[in-house]
Amino acid sequence: MSFVIPPAPSAAVPVLGGGQFPVHRIYCVGRNYAEHAREMGESDREPPFFFMKPADAVVPVGEEQTGEIAYPSLTQNLHHEVELVVAIGLGGRDIAAADAAAHVYGHAVGLDMTRRDLQAQMKKAGRPWSIAKGFDQSAPIGPIVPRAATAGAMTAGAITLAVNEVPRQRGDLRELIWGVAETIAHLSRAWTLQPGDLIFTGTPAGVGAVVRGDLLHARIEGLPDLRVRVR
Ligand code: MN
């Protein structure tokens with residue numbers, strides 16, 4: 001094939017123990033913890049809904065490393081959202097929740113960075129969230145841990161985020177309204193999941209703003225920590 005301009009390099013995330021996971025698409029679940037739904041002024045039980053980020057919004061951060069993101073343009077209110085990320089290894093459509101585990105390659109800690117002020121404006125106007133959610137470097141992510149190394153599905157465990165080591169977000173994966181298996185079932189009815197897809201599964205309560213110079217420290221029990229500096 002002769003490309004008329006250089007093709008974009010594939011986005012990739014390091015896998016713990018070696019190798020790279022090539023990123024195909026990034027799906028995100030909205031309001032998937034009841035307390036966070038309430039802090040956003042919404043009801044705490046509704047069918048799952050989804051939005052996307054471009055694959056090249058990932059900022060891969062290796063184990064024991066501190067990543068860096070630039071404070072984005074057009075916002076005065078950049079928010080952190082710590083999330084469990086599911087990496088799809090086996091694609092499919094209409095996947096039953098009972099079969100979902102077989103489609104999961106592994107898990108990672110991710111940050112769904114959000115221009116909250118723009119999101120509020122877009123919501124109010126009934127417009128798409130892309131500018132609030134899908135901007136450059138909006139998806140920092142730690143190393144992916146293969147499923148075999150985390151004793152299978154991640155259905156419980158503390159999920160926390162600190163800014164400059166001051167606790168901000170705290171929850172437990174048990175509190176997910178739509179668990180990983182149900183999320184995969186729902187998503188795969190709307191899109192054909194492909195190997196390389198990432199799913200950001202939603203954030204617990206305690207979201208808030210960061211400023212230049214802040215250090216974000218995101219943790220999920222059983223996965224390597226994710227550290228990111230805003231510059
Ligand atoms: Mn989110």
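Per residue, the chain reaches -3500 deg cm²/dmol at 222 nm when only DSSP H runs of four or more residues are counted, each adding -39500 (n - 2.57). Contact order for the chain, expressed relative to its length and based on alpha carbon pairs under 8 Å spaced 6+ residues apart, stands at 31 percent. Here each label is just a point 7 Å from Cα along the line to Cβ, and for His24 and Arg231 those points are 3.3 nm apart.
According to the square roots a ≥ b ≥ c of the eigenvalues of the Cα gyration tensor, what is the shape class of region 1-117, taking rounded for a/c under 1.5, prolate for a/b larger than b/c otherwise, and oblate for the remainder? Oblate. Full extension of the segment from Leu215 to Ser43, taken as 0.36 nm per residue of separation minus the current Cα-Cα distance, would add 58.8 nm.
Is the C-alpha gyration tensor of the chain telling us rounded, prolate or oblate? Criteria: a/c under 1.5 is rounded; beyond that, a/b larger than b/c is prolate, otherwise oblate. Judged from the Cα gyration tensor, the chain comes out rounded (a/c under 1.5). Here region 188-205 is scanned for amide nitrogen atoms under 12 Å from the site 7 Å beyond the Cα of Arg93 along Cα-to-Cβ, giving 188-194.
All of the numbers you see were taken from the coordinates with simple rules; none came from a lab. Note that the coordinates shown come from a computational prediction; the quantities given were computed from them, not determined experimentally. All Cβ positions, even for glycine, are placed from backbone atoms using ideal geometry, and neighbour counts span all protein chains on display.
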